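These notes concern the structure reproduced below.
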Amino acid sequence: MRTVDWDPQGYVTLIDQRALPAEVHILRLRTAGEVADAIRTMAVRGAPALGIAAALGLGLSACDSTGATAEAVLADLESAAAELRAARPTAVNIAWAVDRVLRAAGEAAAGGIDRVRQAVLEESRRLADEDVEVNRRLSAHGAALLQDGDTVIHHCNTGALAAVDYGTALGVIRTAHEQGKRIHVLVDETRPRLQGSRLTAWELQRLHIPFEIIPDSAAGSFLRAGEVAAVLVGADRVAANGDVGNKIGTYMLALAAKDNAVPFYCALPTSTIDLSLPTGEGIPIEWRDPGEVLDLMSAGQPVAPAGARARNPAFDITPARLVTAFVTEVGVLRAPFPSALASAVKEASRP
Ligand code: MRU
């Protein structure tokens with residue numbers, strides 16, 4: 001099943017990622033507010049999945065609106081959009097998807113309320129379908145970078161769970177595996193929420209792709225030992241100059257890859273590129289509850305003395321100079337990144 005989907009009976013379904021790997025639990029959400037809450041609490045996470053969840057949340061808002069005119073329905077959509085945009089700040093895919101749906105709704109307004117509802121549902125479902133297609137295309141481009149027998153390091157979770165289906169950086173690994181290449185994955189556990197060991201390992205196991213989980217702090221020593229052919233990560237937002245906002249720990253991984261002359265690939269749909277930001281300095285970094293650090297996964301098992309304080313930035317910025325190439329649905333982009341990223345966005349937006 002898809003990680004995020006629209007049920008024709010009028011609700012959004014999500015695989016609740018907080019319950020994995022112990023349990024596959026499906027959430028059925030009936031309002032845009034419930035979708036925003038699922039985003040805030042990370043029942044759904046991963047940049048592309050967040051964008052599509054927000055878009056489908058607007059579908060719920062359009063169905064629920066009691067506005068008597070098309071303008072009133074648009075106003076309800078705007079207020080749902082504001083809540084969804086604010087739910088998590090770093091992944092630009094939320095704003096990107098919400099803007100696409102609002103534009104479709106605005107263009108349909110002259111046709112009346114029913115036309116607005118229909119346009120919102122059609123556009124949000126189209127985005128969901130496109131996400132799968134885009135991931136498959138970028139994965140095929142990226143798989144060409146991997147050779148039979150390669151060991152790769154992967155950070156966070158960028159698989160089907162982080163998208164509607166298939167995945168980005170993990171999609172690249174998946175396609176290489178499907179092509180018959182023997183790929184071994186060193187899975188960064190990705191503290192503090194453990195998206196690597198909880199989610200990526202779960203996906204790799206189901207796909208029968210060989211892997212071992214490593215502590216994040218061990219990645220550098222594996223790179224230095226010469227065991228690793230490539231590092232693969234996703235992105236939550238890439239600025240116009242190629243600076244990458246991604247899961248905390250990405251920067252240190254990129255530094256260690258550079259020091260050991262190992263290629264560092266960042267796989268992403270072009271919807272994750274934010275050309276409005278000249279550099280990564282402008283990427284908003286989400287800070288999460290220090291409890292995630294002090295009490296692993298809030299599981300009631302403290303890993304620090306009572307009263308200890310913690311700081312918990314969920315993302316960091318990796319300077320463009322540490323990136324070997326971006327893998328997108330329109331191809332593999334190499335430096336100079338400003339022109340390559342701008343052309344990729346333009347090409348992807350062609351009808
Ligand atoms: O906090 P998360 O789990 O939403 O962070 C996700 C990541 O940083 C992923 O690596 C990134 O979104 C790419 S997902 C294809």
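Each value in this text was obtained by applying a stated rule to the coordinates, not by laboratory testing. All values reported here derive from a predicted model rather than from experimental measurement. So basically every Cβ, Gly included, is an ideal-geometry build from the backbone, and we count neighbours across all protein chains shown.
Observations on the model:
- Hydrodynamic radius (Kirkwood) for segment 25-100, which is based on Cα pairs only, to one decimal in Å: 12.2
- Here's how it looks for Phe211: its modeled amide H is under 5 Å from those of Val185, which are all 5 or more places away or on a different chain.
- Using θ = phi - 60° in the Karplus curve 6.51 cos²θ - 1.76 cosθ + 1.60, the 3J(HN,Hα) couplings for segment 301-309 round to 10, x, 10, 8, x, 3, x, 5, 9 Hz; x is entered for Gly and Pro.
- Among Ala306, Ala62, Ala119, the largest mean-square fluctuation in a Gaussian network model of the chain, built with springs joining Cα atoms closer than 10 Å, belongs to Ala306.
- Charge dipole of segment 48-127 about the Cα centre (unit charges at C-beta), most positive-ward option of Leu102, Pro89, Val120: Pro89
- Spatial separation of Cα centroids for segment 275-342 and segment 124-170, in angstrom: 18
- Order of Trp96, Trp6 under a 10 Å beta carbon neighbour criterion, fewest first: Trp6, Trp96
- Taking Cβ atoms as reference points and 15 Å as the exclusive limit, the residues near Asp188 contribute a net charge of -2, counting Lys and Arg as +1 and Asp and Glu as -1.
- The value of relative contact order for the chain, using C-alpha pairs under 8 Å at least six residues apart, is 15 percent.
- Over the chain, dividing the summed -39,500 (n - 2.57) contributions of all DSSP H runs of at least 4 residues by the number of residues returns a 222 nm mean residue ellipticity of -12500 deg cm²/dmol.
- Length added when fully stretched, Glu23-Glu107, from 0.36 nm per residue minus Cα-Cα: 26.0 nm
- Loop-located trypsin sites (Lys or Arg not before Pro) in segment 167-236 (DSSP state other than H, G, I, E, B) with a sparse environment of at most 14 neighbouring Cβ atoms within 10 Å: Arg182.
- Of all DSSP bridge pairs formed entirely within the chain, close to 50 percent run antiparallel.
- Magnitude of the charge dipole, segment 1-160, Cβ model with Lys/Arg +1 and Asp/Glu -1, debye to 20: 160
- Enclosed volume per residue, in Å³, of the convex hull spanned by Cα atoms of the chain: 133
- Top of Ser65, Ser271, Ser221 by mean-square fluctuation, Gaussian network on the chain, Cα under 10 Å: Ser221
- Karplus 3J(HN,Hα) series, Hz, for segment 310-321 with 6.51 cos²θ - 1.76 cosθ + 1.60 (x for Gly, Pro): 9, 10, 9, x, 8, 9, 9, 10, 9, x, 4, 5
- Counting neighbouring beta carbons within 10 Å and listing from fewest to most, the residues Tyr11, Tyr166, Tyr251 come out as Tyr251, Tyr11, Tyr166.
- A straight chain from Val303 to Arg85 at 0.36 nm per residue would run longer than the Cα-Cα distance by 75.2 nm.
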